[in-house]
Amino acid sequence: MTPVQKVAMGLVLVVVDAWFAGFDAVPDLLGWVLVMLGLHGLRTALPSPVTLTALAALAGVVSLALLSPSLLADTPESTLWLVSLPQTLFCLVLAGAMAALLGPPRPDLARRFGVLRWVFVLVAVLPVLLYGGGVDGLLVPTAVVAVAASVYLVYLLFRVPADVVAPARPAADA
């Protein structure tokens, strides 16, 4: 499994929630640990590994607060958006880093990651209009865009060729 695939699989665990008896059967923290393991393997390839690792760690710590079903039930939607902001910022920075990394070797993928970065900007900012401006009509479209962007990010990460992120090393002479 390549480091990019580890990041993608970690994000799958973060995005997918399997609720049983009020508890998430696969806590997001497990996904964030897998994401950080993948980022460790990408530390020399990505343009902003420290920022990405810090955002992933912050999102992992914040996800611990969401383990309690009673906390989730009593938390206002605007606060839940604020709590999800580290995840959105991580995805935004990751999309930008992947666009920069893939620019020369794979401009098609780089463009997709670049556009996706701007979608995550919208996902981060639209809730301000929702909760601050009282534009309730944007609630469902914003939620759909947020989930679709996360799923598309995972899809694009799986499309990244392994040799672009970790070029093959020349064989040692015997």
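Per-structure values
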| read-out | value |
| --- | --- |
| Dipole moment magnitude, nearest 20 debye, the chain about Cα centre, only Lys, Arg, Asp, Glu C-beta charged | 620 debye |
| Gain on full stretching of the segment that runs from Leu64 to Val135 - 0.36 nm per residue minus C-alpha separation | 22.6 nm |
| Taking Leu130, Leu157 and counting other C-beta atoms within 10 Å, the order from fewest to most | Leu130, Leu157 |
| Degrees, to the nearest 10: 139-159 long Cα axis against longest axis of the chain | 20 degrees |
| Fewest-first sequence of Trp32, Trp118, Trp81 by Cβ atoms within 10 Å of each Cβ | Trp118, Trp81, Trp32 |
| Computed [θ] at 222 nm, deg cm²/dmol, the chain (DSSP H ≥ 4; -39,500 (n - 2.57); rounded to nearest 500) | -23500 deg cm²/dmol |
| Distance between the range 123-164 and the range 34-56 - C-alpha centres, whole angstrom | 21 Å |
| Principal semi-axes in Å for the range 22-63 [√(5λ), Cα gyration tensor, largest first] | 23, 10, 5 |
| Per-residue Cβ neighbour rank within 10 angstrom, fewest leading, Val62, Val121 | Val121, Val62 |
| Local net charge near Val35, Cβ-Cβ under 14 Å (Lys/Arg +1, Asp/Glu -1) | +1 |
| Largest-first ellipsoid semi-axes for the range 1-158, taking √(5λ) over the Cα gyration tensor eigenvalues, angstrom | 26, 20, 13 |
| Folded to 0 to 90 degrees: helix 49-65 orientation relative to the chain principal axis, Cα | 30 degrees |
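Laboratory data are not the source of any read-out in this text; all were calculated from the coordinates shown. The structure displayed is predicted, hence computed values, not measured ones. As a convention, Cβ positions derive from the backbone with ideal geometry for all residues, glycine included, and neighbour counts pool all protein chains shown.
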